[in-house]
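What follows is a set of notes on a single structure, which appears directly below.
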Amino acid sequence: MNEAKPIKAESTRSIVPRLTWLDGLFWVTAIAIFVDLYLIFLWVPKEAIQGNVQRIFYFHLPAAWIAYLAFFLVFLFGIFHLKTRNPKWDHYAYSAAELGVVFTSVTIVTGIIWAKPIFGVWWVWDARLTTTALLWLVYVGYLMVGAYAVSGDKASRLRSAVGILGFAVVPINYLSVSLWDTVHIEPIVIGGDDTFLSADMRLTLYFSLATFTALFVFLLVVRIMLRESEAAVEELDQERETALS
Amino acid sequence: MEDNFGYLLAGFSIGWALFMGLAYWTYRKVMRVRQDIDDLKRARNPRPEDG
């Protein structure tokens, strides 16, 4: 058996990684979040009928928007992955799916907290809520499906297929309030009527949407970098095992 | 809710600050790990510019 060469990493660069555009995005997002909290809790007027509990809307809707965006990216990256077989797209899709599940969970939890004082119940199995639960389950399934495949390549292809097919639930979920009777309100931003929101409320909502989007982009890029690092470490381990044998 | 409004805002602010702190720490850690991996790859397969 050949003796493996000792591996020593010698960095010729500075130890602390240099600042990148992501640092800039982080600080912009961090400041925007506190401005957003100020707008939501102190600046925007109290809603006349629902009272203060309506302020949860400025978290609920942006979280739902990010979940849709994340699942659209899973769909898109899934197609790229199946077309090119480049593992990079699978890393992107998996990272987006994880964040999509987190933001769907935030949407469900904020919805539940909002529903109790307004509708008198925490949860009802109506069209919107049921399809949201289904959406959450589909993408939890997406994250789990890879674990049951024999090889890493097969796992990533299975995942991509689930991500592409699973996206069908997103438009059904969005349109569910128009197609069926539901306790949930009709769409108010995209393809809906947002005139019942005052100018202050609209500004707060759009600021919150922008802040959540910036946070999502930051978290997505970091998660992708982490996933790529995991893959690189695995590759290095395999190389090392090959060298030792 | 009216009575606890200040506490709610304070709670959210502290929660967000902690979350963002953790996010930034993770980000810098990931950058460092990426650099370590890059260094390790260069040590195994030196590039012409490494001398």
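The values are calculated or read from the model by the stated rules, or taken from the named source; none is laboratory data. All values derive from a computational prediction rather than experimental measurement. Note that each Cβ is placed from the backbone with ideal geometry, even for glycine, and that neighbours are counted across all protein chains shown. The area values use the complete protein model at the heavy-atom level, side chains included, leaving out ligands, DNA and RNA. Shrake-Rupley method; radii C 1.70, N 1.55, O 1.52, S 1.80 Å.
Figures for the structure shown
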quantity: Residue check, A:Ser176 part of a helix (DSSP H, G or I), hydroxyl-bearing (Ser, Thr, Tyr), surrounded by 13 or more Cβ atoms within 10 Å (Cβ to Cβ) and modelled with pLDDT of 90 or more; calculated: no
quantity: Counted residues, the stretch A:134-145 - those being in contact (Cβ under 8 Å) with a residue 24 or more places away in the chain and either over 18 Å from the mean Cα position of the chain (by Cα) or open to solvent by 20 Å² or more (accessible area, probe 1.4 Å) (or both); calculated: 6
quantity: Complete set of residues in the stretch A:31-45 that are open to solvent by less than 10 Å² (accessible area, probe 1.4 Å) and within 14 Å of B:Gly21 (Cα to Cα); calculated: A:Ile33
quantity: Selection within the stretch A:46-70 - open to solvent by 30 Å² or more (accessible area, probe 1.4 Å) and of a type in the set (D, E, K, R); calculated: A:Lys46, A:Glu47
quantity: The one condition in (1) modelled with pLDDT under 85; (2) surrounded by 11 or more Cβ atoms within 10 Å (Cβ to Cβ) that B:Gly21 fails to fulfil; calculated: (1)
quantity: Of all residues making up the stretch A:146-170, the number that are within 18 Å of the chain's Cα centre (by Cα) and not aromatic (Phe, Trp, Tyr); calculated: 10
quantity: Where A:Phe103 falls short, out of the listed (1) at pLDDT 95 or above; (2) outside any helix (DSSP H, G or I); calculated: (2)
quantity: Condition broken by A:Asp23, with the remaining ones in (1) surrounded by fewer than 17 Cβ atoms within 10 Å (Cβ to Cβ); (2) in contact (Cβ under 8 Å) with a residue 40 or more places away in the chain satisfied; calculated: (2)
quantity: When residues of the stretch A:106-133 are limited to those that are aromatic (Phe, Trp, Tyr) and in a loop (DSSP other than H, G, I, E, B), the one least open to solvent (accessible area, probe 1.4 Å); calculated: A:Trp123
quantity: Tally of residues being touching a Pro at 6+ places or on another chain (Cβ under 8 Å) and either modelled with pLDDT of 95 or more or open to solvent by 40 Å² or more (accessible area, probe 1.4 Å) (or both) across the stretch A:194-204; calculated: 2
quantity: Of residues in the stretch B:1-18 being modelled with pLDDT of 85 or more and facing chain A (nearest Cβ under 7 Å), the one nearest to A:Leu226 (Cα to Cα); calculated: B:Trp16
